[in-house]
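A.B. asks: Take a look at the following structure, please.
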Amino acid sequence: MKEEILRGLTDSVVSGDVEKCVQYAKRALEAGIDAYEAIMEGCARGMSLVSEKYEKGEMYVPEILCSAEAMYAAMDVLKPHLKTERVGTPRKVVLGVVRGDIHDIGKNLVKLMMEAAGFQVIDLGRDVPNERFVEAVLKEGADICGMSALMTTSMIFMPEIIRELKQKAPATITMVGGGPLSQELAKAYGADGYAKDAAAAIRVAKELLSRRGGM
Amino acid sequence: MSADRMKPGERLVAVLMGQKPDRVPVSPFILGYAAKIVGLPIGDLYTDPKKSFRAQLLCAEMHGYDSSPMYGYAAVGAWEFGGKVGFPYEPGQSAPYVIKEPVESEEDVDRLEVPDPKNAGSVPIAMEIARQCYASGLPAVFQSGEVLTYAGNIMGPTRLLTWMIRKPELVHKVCKKVEEFLIACAEYFTSTFGADRCIAFAGGPIESNKLISPKQFEEFVYPYMLRIHRKILDMGVQIILEHPCADQNKNMPWYRKLREECGWRGKYVWNFGPETPLETQIAQFGEHDVIMGNVDPPSFQFRSFEEVLLLCKENIERGIKNPSGYILGPGCEMPPLAPPINVYAMIKASREYGRYG
Ligand code: B12
């Protein structure tokens, strides 16, 4: 029964079926399934399947956006029932597209996956000036600062932001991503982490947090 | 290195006429870079037709490449249909961007009016640049697609992509209006300059398989593209520069079908992204069309002169095999911050490795 409900949640996230997703979320609560477990083992698992399918070319962005709608609808049902002692305080991520760059589809997918994985994301949007990253990290006490760039003209701002952060908020983990980035470039920029897609972003974020001793 | 026999521009014309030029022509897809070269803010290139034309002309003269001035940008459509765009005057910005989309709700779709090209958004600027080109004996270029990129800028890409599944009929309504607009634009330019003096320029990133499937391309792009291309060819336009931006490998059958269904009329110049091997393009279009390819754009900004020269050499060696002609170019816009020596690398590569006969 529990397995069936969780699988139902996962499947309806993958197929982007909002109604079904909400139904399964309600059934999960009725069956006494822990809301946190329903989110993690149902919704989040669905989103990571979606992300895998995108990487394999089996799903495209329109389908992912529909999956996201379904996931958020289920989360709306489940979230009020989260027991705080079970979850702890969520890890905070400040996320934005760097200055001069308006490509935000990738950043939005990263946000989505992070929220599905239980992170709290502070989305700064696109074409974000360097200072705003630093300000937001300080104000929010963020655990992670994620920067996205799709253009070679914009990614050059990343090392500047990272340098500022290393001075003003040295405990914050810095992560970069987007088309023109790579592991080597991320390293040269002084970033703590790089990920080539949204699913990897979660893995890397969790790994860096556990190394820092925070998760 | 022997001297060039032809003047810049002449070799482009030769290739388009199906003849062999002295060496491979170079078309470096330069927009924002030209502003940098002459010391203007990039914004001026997109807002001031006189400065834009002059900057592009001087940049071409300084480097000695073959392509001539034009106007266009990827965020096109929003302004023309009543929204707002911003221009790249701030540090880091490199091209116009959408500030306000004309479609923000379902009701907006029905309210959306097809604008008159004569005073729609950026069209008057494009027209002014085209006039200056025409007056100098150069081709008048007008933007003619792609429809889905326009639609994405009109309603915002996230709304567009979600509605493609949730409310496809609304997406089709917007695409239909874009189609109407693009045909009106083509009529405006061809009636002003004569179709034989015009080049249609189409392409866009939202069609890319980074975002949509080939099935979605079939439903939301192909029918519109086919009708527009047919109309433009009927008007008598001979040259269409088609730029399937970024990875569009899976859409290739549709581009091929487009040519077949249009009876291979006119001469197409294909400028695919670096993701599409030249050999694939030659196999699809080599019998009729020119291939303009497709060196990795970021490499011009980040790699050394020697590396860029080598990339160009490799591209020439593969592209020159196209029986219907080849032009050396990047696979998308030249990064505005590319060091000038790397643009020169294209000219040098053409001179050293791109001689015919
Ligand atoms: C869609 C698109 C557009 C749309 C953007 C719509 C939007 N709101 O985002 C529009 C039409 C507006 C557009 C405009 C332009 N574009 Co454009 N565009 C693209 C395209 C085709 C796809 C980008 C995309 O959405 N991909 C899908 C997402 C899901 O993938 P992603 O972004 O890579 O994100 C994933 C990962 O990278 C990672 N990730 C992303 N961010 C982060 C952050 C962190 C922290 C982590 C860990 C991971 C991570 O996870 C994501 C999910 O898996 C790319 C081509 C390409 N190869 O990427 C060109 C591309 C980015 N564009 C390009 C250009 C040149 C432009 C223009 C300048 C063109 C022009 N002259 O007008 C303008 C710029 C406008 C501006 N002022 O900034 C170039 C940039 C080249 C360069 N020199 O850097 C590209 C690469 C095309 C090319 N082949 O040359 N574009």
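A.B. asks: Counting just the residues of the range A:59-94 that are surrounded by 12 or more Cβ atoms within 10 Å (Cβ to Cβ) and in a loop (DSSP other than H, G, I, E, B), which one comes out farthest from the ligand (Cβ to nearest atom)?
C.D. replies: A:Leu82
A.B. asks: Shifting gears a bit: Can you pull out every residue in the range A:165-182 that is modelled with pLDDT of 95 or more and either in contact with a helix residue (DSSP H, G or I) (Cβ under 7 Å, 6 or more places away or on another chain) or within 13 Å of the ligand (Cβ to nearest atom) (or both)?
C.D. replies: Of everything in the range A:165-182, those that are modelled with pLDDT of 95 or more and either in contact with a helix residue (DSSP H, G or I) (Cβ under 7 Å, 6 or more places away or on another chain) or within 13 Å of the ligand (Cβ to nearest atom) (or both) turn out to be A:Leu165, A:Lys168, A:Ala169, A:Thr172, A:Ile173, A:Thr174, A:Met175, A:Val176, A:Gly177, A:Gly178.
A.B. asks: Let me ask something additional. I need the full set of residues from the range B:270-310 which are of a type in the set (Ser, Thr, Tyr) and more than 11 Å from the ligand (Cβ to nearest atom), in order please.
C.D. replies: B:Thr280, B:Ser304
A.B. asks: Got a sec? Which helices (runs of 4 or more DSSP H) wholly within the range B:276-319 have at least 2 residues that are in contact with a Leu (Cβ under 8 Å, 6 or more places away or on another chain) and not small (Gly, Ala, Ser)?
C.D. replies: Of the helices (runs of 4 or more DSSP H) lying wholly inside the range B:276-319, those with at least 2 residues that are in contact with a Leu (Cβ under 8 Å, 6 or more places away or on another chain) and not small (Gly, Ala, Ser) span B:305-319.
A.B. asks: Looking for something more than 10 Å from the ligand (Cβ to nearest atom), charged (D, E, K, R) and in contact (Cβ under 8 Å) with a residue 60 or more places away in the chain - is there at least one such residue anywhere in the range A:139-155?
C.D. replies: Yes - at least one qualifying residue is present in the range A:139-155.
A.B. asks: Looking only at residues in the range B:190-226 that are away from chain A (no Cβ under 11 Å) and in a loop (DSSP other than H, G, I, E, B), which one is least open to solvent (accessible area, probe 1.4 Å)?
C.D. replies: Selected residue: B:Val221.
A.B. asks: Being away from the ligand (no atom under 15 Å from the Cβ) and under 16 Å from the mean Cα position of the chain (by Cα): is that true of A:Ile39 here?
C.D. replies: yes
A.B. asks: What do you reckon, is B:Glu242 more than 14 Å from chain A (Cβ to nearest Cβ), of a type in the set (Asp, Glu) and within 22 Å of B:Thr149 (Cα to Cα)?
C.D. replies: Yes; evaluated as a whole, the condition is true for this residue.
A.B. asks: Find the residue count for the range B:291-312, including only residues that are closer than 22 Å to B:Ser208 by Cβ and buried (at least 23 other Cβ atoms within 10 Å of the Cβ).
C.D. replies: Of the residues in that region, 6 qualify.
A.B. asks: Just give me the residues in the range A:95-127 being surrounded by 24 or more Cβ atoms within 10 Å (Cβ to Cβ) and facing chain B (nearest Cβ under 10 Å), in sequence order.
C.D. replies: Of everything in the range A:95-127, those that are surrounded by 24 or more Cβ atoms within 10 Å (Cβ to Cβ) and facing chain B (nearest Cβ under 10 Å) turn out to be A:Val98, A:Arg99, A:Gly100, A:Asp101.
A.B. asks: So, one more: Looking at the structure I just gave you, is A:Ala31 within 14 Å of chain B (Cβ to nearest Cβ), more than 16 Å from the ligand (Cβ to nearest atom) and modelled with pLDDT of 95 or more?
C.D. replies: no
A.B. asks: Out of the helices (runs of 4 or more DSSP H) lying entirely within the range B:17-98, which hold 1 or more residues that are within 15 Å of the ligand (Cβ to nearest atom) and within 14 Å of chain A (Cβ to nearest Cβ)? Break it down stepwise before answering.
C.D. replies: Values: elements: B:32-38, B:42-47, B:49-63.
Fully inside the range B:17-98 and qualifying: B:32-38, B:42-47.
A.B. asks: Give the range B:226-254 a look and list any residue that's within 16 Å of the ligand (Cβ to nearest atom) and not hydrophobic (A, V, I, L, M, F, W, C), or say none.
C.D. replies: Passing the criteria: B:Glu242, B:His243, B:Pro244, B:Asp247, B:Gln248, B:Asn249, B:Lys250, B:Asn251.
A.B. asks: Which residues, taken from the range B:115-164, are assigned to a loop (DSSP other than H, G, I, E, B) and either within 22 Å of B:Ala60 (Cβ to Cβ) or basic (Lys, Arg) (or both)?
C.D. replies: Passing the criteria: B:Ser122, B:Ser136, B:Gly137, B:Leu138, B:Pro139.
A.B. asks: Also, quick follow-up: Can you name every residue in the range A:133-191 that is among the β-branched types (Val, Ile, Thr), within 14 Å of chain B (Cβ to nearest Cβ) and open to solvent by less than 30 Å² (accessible area, probe 1.4 Å)?
C.D. replies: A:Thr152, A:Thr153, A:Ile161
The values are calculated or read from the model by the stated rules, or taken from the named source; none is laboratory data. Worth saying up front: this structure is predicted, and the values here are computed from it rather than measured. Note that we place each Cβ from the backbone using ideal geometry, even for glycine, and neighbour counts take in every protein chain shown. Ligands, DNA and RNA are excluded from the accessible area calculation, which covers all protein heavy atoms including side chains. Shrake-Rupley method; radii C 1.70, N 1.55, O 1.52, S 1.80 Å.
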